[in-house]
């Protein structure tokens, strides 16, 4: 699978999906809680807008956007 190296856009929303490795077991409730904490920390650090997230047993989705000042600078 290819990896996103660099993305430069402005005034856009992104729908992001992250899957677990095919042979990995499903996430436990404590792992979901850790994931929520880490996403919150990264949001505070980088200032992105997070409008929705859904955690499912083997993957998760988020809808994010750059902060307004970032969108105007790009």
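Values quoted throughout were computed directly from the atomic coordinates according to the rules given, and no laboratory measurement underlies them. These numbers come from a predicted model, not from an experiment.
Between residue 18 and residue 45, full extension at 0.36 nm per residue minus the direct alpha carbon distance yields a gain of 7.7 nm.
Extension gain for the segment residue 65 to residue 34, taken as residue separation times 0.36 nm less the Cα-Cα distance, is 9.0 nm to one decimal. Along its first, second and third principal axes, ordered by size, region 13-73 spans 42, 19, 16 Å in Cα coordinates.
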